[in-house]
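Single-structure report; data block below.
The values are calculated or read from the model by the stated rules, or taken from the named source; none is laboratory data. Computed from a predicted model, the values in this text were never measured in an experiment. Note that we place each Cβ from the backbone using ideal geometry, even for glycine, and neighbour counts take in every protein chain shown. To get the accessible areas, we keep the full protein, side chains included, count just its heavy atoms, and leave off ligands, DNA and RNA. Shrake-Rupley method; radii C 1.70, N 1.55, O 1.52, S 1.80 Å.
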Amino acid sequence: MFLARAPRFHGAAFLFLALAAAAPLSAQAGDTLNLPLEQALRLAGEGEEVGLAAGRLDVASAAVGSARAAQLPALRLNSNFSHVFENARAQAVGQIFNQPNTYGANLNLSVPLYQGGRAVQGIRAASRQREAAAADLEGARTDVQLLTVQAYLRAQLAERLVAIQDTNVALAAARVRQAEQFEAAGRGSRYDVLRARVERSNLEPLAIQARGERELALLELRRITNLPENRPIRLTTSLQPETVAAIADRSAGAALVDSAALEALPGVRAARLRAQASEAQARIARSALLPTVSVNLVNGWAAYPQDWTLPLRIGALQQVDCPPESAAGRVCTQQNGGWFTDRSLQLAVSFPLFDGMRGRNDLRQARALASVADLQAQQARETANAQAAAARAEMARARAIFEAVRQTVAEAEEAFRLASLRYARGLGTQLDVSDAQLALLTARTNEARATFDLYLAAAEQARALGRPLPSPSATAP
């Protein structure tokens with residue numbers, strides 16, 4: 001019997017060990033991440049949006065180095081080898097021109113003296129593009145912060161609405177039980193029970209819808225913060241009405257914006273810098289119509305050995321016997337196949353006389369692009385001004401709604417408590433309780449939305465005015 005049961009024991013032990021090994025993995029996958037707003041901002045700042053802007057800044061910085069290199073002297077080391085199988089000149093004139101192998105090496109120093117301002121304007125255009133890319137990076141970080149705050153608060157608002165709906169369902173269920181007790185005691189009718197059950201059933205779809213909206217909001221937050229979709233998160237930073245009211249008071253004093261602050265906005269600054277870069281590109285196109293002056297200095301060595309071996313000695317002329325038919329007193333020499341120096345200095349002046357009107361058309365195109373960039377910069381400034389005005393108007397609207405609903409929740413809670421007490425003592429009707437609960441639901445929902453709308457309005461206004469986004473300091477228990 002022991003031997004017959006042994007396989008079962010081993011199988012059960014194997015199953016137990018497998019479950020024990022898999023338990024830490026499942027527990028680890030189900031761990032809830034406590035996510036404060038500061039950590040969400042940090043995770044979002046490490047995402048693709050900011051990374052793309054940082055990559056464009058690196059590209060623009062490299063372009064500045066390339067533009068500066070066009071103004072500096074260039075030093076190159078060149079080497080070559082050639083072999084002539086048949087030399088027509090040697091066959092026609094004489095073997096003295098027969099140099100089958102040629103080795104060459106030289107240092108070429110090229111110094112641009114005048115390029116029509118092309119190098120200076122190239123550096124200016126590249127520098128402005130780099131500054132514009134830096135402004136874009138700053139704007140991308142601010143936009144990502146604002147998107148993260150919006151997603152975080154929308155998810156938190158969705159959780160708040162889920163809690164409100166769950167509370168309403170619980171109150172409706174308690175009222176159903178109370179109606180059933182009244183019916184059993186003879187104090188209520190079957191109609192009251194049915195009405196309470198219908199009201200509870202009508203509230204359950206709202207609670208389900210609120211949970212679905214919460215999941216969608218959390219998915220959007222996970223996408224922005226680059227968190228796994230199956231990772232449970234808990235939002236630990238909460239907004240309190242007192243904190244939001246203080247933030248709104250501080251934002252009201254900083255609602256005015258001057259022209260200097262408007263010009264310092266990342267979007268406006270980037271558009272203005274790109275317009276300046278386009279002007280520099282127009283000057284570069286104009287420089288193509290001007291002459292260029294450069295100096296080239298060549299210092300090299302050349303060797304002409306008769307065989308294929310690499311020469312390793314200094315070149316020199318050696319006296320050899322002249323041909324028999326040579327004149328008396330003639331001295332004949334022959335090079336030893338070594339290295340001879342080869343130096344030259346060249347001053348080059350180039351003037352474009354006719355290029356098919358390409359230079360003039362390039363200049364015309366560059367000036368048109370500069371005009372377009374100027375208009376885009378003006379448009380960016382007008383858009384920023386309109387956004388600032390819209391943010392101030394939205395701030396005023398959200399603040400007015402927030403002030404209007406602050407006292408409504410306390411009054412609605414007191415009204416619901418009194419209606420429930422009157423119904424319990426037989427002095428009120430179930431309709432009074434339902435109306436009071438609906439008013440309480442509406443008041444709580446409006447308070448939650450007004451709180452989050454006011455904070456988002458303050459954040460939008462801070463972004464539109466180029467100021468840091470306000471940070472809530474309250475933490476959820």
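A Cβ distance below 9 Å, combined with a sequence gap of six or more or placement on separate chains, defines the contacts here; from segment 307-324, residues that are of a type in the set (Asp, Glu) reach residues that are assigned to a loop (DSSP other than H, G, I, E, B) and open to solvent by less than 80 Å² (accessible area, probe 1.4 Å) in the pairs ASP307/PRO100; ASP307/GLY337. Scanning segment 205-226 for residues that are open to solvent by 80 Å² or more (accessible area, probe 1.4 Å), out of contact with any Leu (no Cβ under 8 Å at 6 or more places or on another chain) and either at pLDDT below 80 or not polar (S, T, N, Q) (or both) gives ILE208, ARG211, GLU215, LEU216, ARG223.
Please work out which residue is nearest to ALA459 (Cα to Cα), limiting yourself to segment 366-378 and to residues that are touching a residue at least 60 places away in the same chain (Cβ under 8 Å) and open to solvent by 90 Å² or more (accessible area, probe 1.4 Å). Only one residue fits best here, namely GLN376. Each residue in segment 299-326 was checked for being open to solvent by less than 80 Å² (accessible area, probe 1.4 Å), at pLDDT below 85 and in a strand (DSSP E or B), and 1 of them qualify. What residue, among those in segment 419-429 that are in a helix (DSSP H, G or I) and at pLDDT 75 or above, is farthest from ALA246 (Cα to Cα)? Restricting to residues being in a helix (DSSP H, G or I) and at pLDDT 75 or above, the top hit is ALA424. Is it fair to say PHE416 is under 30 Å from ARG175 (Cα atoms) and either open to solvent by less than 60 Å² (accessible area, probe 1.4 Å) or not in a helix (DSSP H, G or I) (or both)? Criteria met by PHE416. Could you please find all residues in segment 40-70 being open to solvent by 90 Å² or more (accessible area, probe 1.4 Å) and assigned to a loop (DSSP other than H, G, I, E, B)? Correct list: GLU46 only.
Just give me the residues in segment 95-126 being in contact with a helix residue (DSSP H, G or I) (Cβ under 6 Å, 6 or more places away or on another chain) and modelled with pLDDT under 90, in sequence order. Please lay out each step first, then the result.
So in segment 95-126, the residues in contact with a helix residue (DSSP H, G or I) (Cβ under 6 Å, 6 or more places away or on another chain) come out as 97-98, 116-118, 121-126.
Within segment 95-126, PHE97, ASN98, GLY116, GLY117, ARG118 meet the criteria.
Name the single residue, out of those in segment 430-477 being among the β-branched types (Val, Ile, Thr) and either in contact with a helix residue (DSSP H, G or I) (Cβ under 7 Å, 6 or more places away or on another chain) or open to solvent by less than 70 Å² (accessible area, probe 1.4 Å) (or both), that is modelled with the lowest pLDDT.
Step by step, filter segment 430-477, then rank; the result is VAL433.
Those helices (runs of 4 or more DSSP H) of segment 180-298 in which 2 or more residues are hydroxyl-bearing (Ser, Thr, Tyr) occupy 190-225, 241-253, 266-287. Of all residues in segment 393-413 being surrounded by fewer than 17 Cβ atoms within 10 Å (Cβ to Cβ) and acidic (Asp, Glu), which is nearest to ILE247 (Cα to Cα)? Filtering first and then ranking leaves GLU403. Pairs, please: C-beta under 9 Å, at least 6 apart or cross-chain, first residue more than 13 Å from SER251 (Cα to Cα) and in segment 382-400, second open to solvent by 60 Å² or more (accessible area, probe 1.4 Å)? Partner pairs satisfying both residue conditions: GLN387/GLU460; GLN387/ARG463; ALA390/GLU460; ARG397/ASP453. Restricting ASP342, ASP362 to residues that are part of a strand (DSSP E or B), among the acidic types (Asp, Glu), on the phi < 0 side of the Ramachandran plot and surrounded by 10 or more Cβ atoms within 10 Å (Cβ to Cβ) narrows the list to ASP342.
Residue count for segment 123-160 under the criterion of being farther than 18 Å from ALA44 by Cβ and open to solvent by less than 20 Å² (accessible area, probe 1.4 Å): the result is 7. Do we have VAL193 as closer than 30 Å to GLN437 by Cα, out of contact with any strand residue (DSSP E or B) (no Cβ under 7 Å at 6 or more places or on another chain), modelled with pLDDT under 85 and not acidic (Asp, Glu) here? Judged against the criteria, VAL193 is a match.
The one condition from (1) in a helix (DSSP H, G or I); (2) over 30 Å from GLY116 (Cα atoms) that ALA373 does not meet is (2). Within segment 345-359, the only residue that satisfies the criterion of being in contact (Cβ under 8 Å) with a residue 40 or more places away in the chain and either at positive phi or of a type in the set (Ser, Thr, Tyr) (or both) is SER350. When GLU413 is tested against (1) touching an Asp or Glu at 6+ places or on another chain (Cβ under 9 Å); (2) closer than 29 Å to ARG234 by Cα, exactly one condition is not met: (1). The residues on offer are ARG231, ARG190, ARG197, and the sole one that is basic (Lys, Arg), more than 26 Å from LEU440 (Cβ to Cβ) and free of Cβ contacts under 8 Å to residues at least 60 places away in the same chain is ARG190.
Quick one: which residue in LEU427, LEU441 is within 22 Å of VAL193 (Cα to Cα) and in contact (Cβ under 8 Å) with a residue 40 or more places away in the chain?
LEU441
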